[in-house]
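Participant: Pasting in a structure now, in structure tokens, and then I'll have a few things to ask.
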Amino acid sequence: MKRLVLIMAISAYWCLSFCQQVEVTPYDGVSPRKGNVCYALPKTEVIVVAKAELTIRKPGPFRLYAERFLAIEDAIQSESYRWKLVSLDIETRAVADFSKQYLVKVNKDGFAGNLAFTPITEKTPIAESSDDTTIVFRMDYLEEEALVSTSVPKMAERAARQIYQIRETKTALITGDNSHQIDSKTLRMMIKQLDQKEMELVALFVGKEVTYTMSREYVYVPTADVARMIIGRISLSDGLVDADNLMGNPIYLNVSGDYLHSKDDKKDSKTRNKGFFYNVPGMATITVTDNKNIKSVKRIKMPQFGYTEWLNNVINTVILDSETGEIVSFSTENRKKH
């Protein structure tokens, strides 16, 4: 929100032309503004979007009898929860650079014209997962004969018989080997209901496996190169966790910058306050990886790896990029556009 206040305030305010001259000076963020307007140039925030997948396996109550009654050999025998990292993505966001705040003062010796920023595209934050990870076995699908049994093996045996009966019924319906004429819509509905019932009954023997996903953002504002910085971790038991949680495996961030530095300027320093300040951004290569199978690389503009310049010409209109603070276009009295 601070970013919007500082960057967008100028966009809303200076879309109108100044009828007077203005003076722009660096602002310390503390001194009284005395009715003048302050704006800040942006810097780039790196957002690592990690996505993880949770697999839950839960054994069924009749797991010991899966092979005996249904000839199933790979039934789940123990409960397990396991997270794994499935993707890493890199996004960026412009935030206000409080070291680059400027105060616009109206006076007869300063800059004349108007200033606007390009519109800011707000990214929707990732919502926390609210998935219900509870696994339920539908014992209510068992027939009464199985439910009243006091022996688990007997219950399993009767459940297996019920499964075979359902399969026989479906075969009869599909082949038309029945004494009733059923329309196609009703037939599809009946088969769907039988499929659901069979699946739930078989799950009592083989168990259930479900998968859920979660995403998390890790945010970092680069000020210099970094190598193998641990920005977050993936834990087999807890999913995506903080970087200081040593129970998880690291997610590494690397930043390699191509820096730009201002050339020596011997111009009269008095001209420095005659125009609006803007960014000349450098570049950076961002790499994020788990050092195994997942890796993402992105090359982006990085205002904090560049330098700040100012306009000292007679300018009528200036448009700055809200994401980088660099000039998009400007016009002068003699030249409409540059």
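Participant: Using a 1.4 Å probe, how large is the accessible area of residue 43, given in Å² and rounded to the nearest 10?
Facilitator: Here the residue's solvent-accessible area equals roughly 50 Å².
Participant: Here's a follow-up. Please calculate the 1.4 Å probe accessible area of residue 91, with all protein chains present, and give it to the nearest 10 Å².
Facilitator: Here the accessible area works out near 70 Å².
Participant: Another question about this same structure. For residue 278, what is the net charge nearby, where nearby means another residue's Cβ is under 11 Å from its Cβ and Lys, Arg count +1, Asp, Glu -1?
Facilitator: Once positives and negatives cancel, what remains is -2.
Participant: Quick one: of 84/208; 34/301; 208/295; 84/192, which pairs are farther than 24 Å apart, Cα to Cα?
Facilitator: Beyond 24 Å between Cα atoms: 34/301; 208/295; 84/192.
Participant: Using protein chains only and a probe of 1.4 angstrom, how many square angstrom of residue 192 are accessible, to the nearest 10?
Facilitator: Ignoring ligands and nucleic acids, residue 192 comes out at about 150 Å².
Participant: Now for a separate question. Alpha carbon centre of the range 49-108 versus the range 142-195: separation in Å?
Facilitator: Between the Cα centres of the range 49-108 and the range 142-195 lies a distance of 38 Å.
Participant: So how long is each side of the range 201-267 along the principal axes, counting just the alpha-carbon atoms, biggest first, in Å?
Facilitator: Its Cα atoms span 84, 23, 13 Å along the three principal axes.
Participant: May I ask you to rank 79, 23 by accessible area, largest first, using a 1.4 Å probe over the protein chains only?
Facilitator: 79, 23
Participant: So, one more: Net charge near residue 255, counting Lys/Arg +1 and Asp/Glu -1 over other residues with Cβ under 15 Å of its Cβ?
Facilitator: Value of the local net charge: +2.
The values are calculated or read from the model by the stated rules, or taken from the named source; none is laboratory data. Since this is a predicted model, take the numbers as computed values, not measurements. Cβ coordinates were reconstructed from backbone atoms using ideal geometry, including for glycine residues, and neighbour counts include every protein chain displayed. What goes into the accessible areas is simple: the full protein's heavy atoms, side chains included, and nothing from ligands, DNA or RNA. Shrake-Rupley method; radii C 1.70, N 1.55, O 1.52, S 1.80 Å.
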